[in-house]
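The values are calculated or read from the model by the stated rules, or taken from the named source; none is laboratory data. This is a predicted model, so every value here is computed, not measured. Virtual Cβ from ideal backbone geometry, glycine too; neighbours counted across all protein chains shown.
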Amino acid sequence: MDLLAQLQPGTLFFYLLSAVVVISAAGVALAPNILYSAFALLGTLAGVAGLYLYLGADFLGIAQLLIYVGGILVLILFAVLLTNRIGEMNITNISTGLMVGAPAAIAVIALVSRVAMQTQWPEVEGVAAPTTQRLGDAFLREYLMPFEFVSLVLLLALVGAMIVARRAAKEGDRRVKQAQKGMPEILDTVRVPMMEFGDEPTRVPE
């Protein structure tokens, strides 16, 4: 109780958000149903957005909510819900490499905890100030060339994806046309002569 009394509301809120992120991330990895994993991912992304907003990074927090929670996660949920009988499938990776991954995870957690406890972190008085204007100025001044280079890379990736998709579509159309051309020949080879009216049925010798 003394430890809880010494904690400030901001520190308690930070630990609460951190717990939400960690527990939701564990739910994403260990949930026996892919639908439950998608909903657990909602808690993870929302918790990360809350951490961004708590640390004063308002632009990153709002971008996290709009892009990941409001866009990508909703798209994932629609894809999961519109997939036929996806809720009946139990897809999990609980037993995949557990004997190898568990010791490595425990070692990493112990190392990170030790570094966090023993490091003398500098205490800086936080100033609540919007960061959107500063980020906009930085993108258009100091980081103009890297920003334009990343935009060019994304544009090239988009064009490349369109070319690959169009080539795959053309290949599929070509195979369909070849199958349609070869279909009459296949039918001619397997066609059984129809018995005319009045013909005696052919008996198969025993």
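Worth a mention:
- Scanning the stretch 131-174 for residues that are among the basic types (Lys, Arg) and assigned to a helix (DSSP H, G or I) returns Arg134, Arg166, Arg167, Lys170, Arg174.
- Evaluating Met145 against the criteria (1) surrounded by fewer than 10 Cβ atoms within 10 Å (Cβ to Cβ); (2) hydrophobic (A, V, I, L, M, F, W, C); (3) modelled with pLDDT under 85; (4) closer than 30 Å to Gly56 by Cα leaves one unmet condition, (3).
- Being part of a helix (DSSP H, G or I) and modelled with pLDDT of 85 or more is a property that does not hold for Ala79.
- Test: residue in the stretch 95-104 that is closer than 22 Å to Ala31 by Cβ, among the small types (Gly, Ala, Ser) and modelled with pLDDT of 85 or more: yes
- Residue match in the stretch 41-55 (condition: part of a loop (DSSP other than H, G, I, E, B) and either modelled with pLDDT under 80 or within 26 Å of Ala138 (Cα to Cα) (or both)): yes
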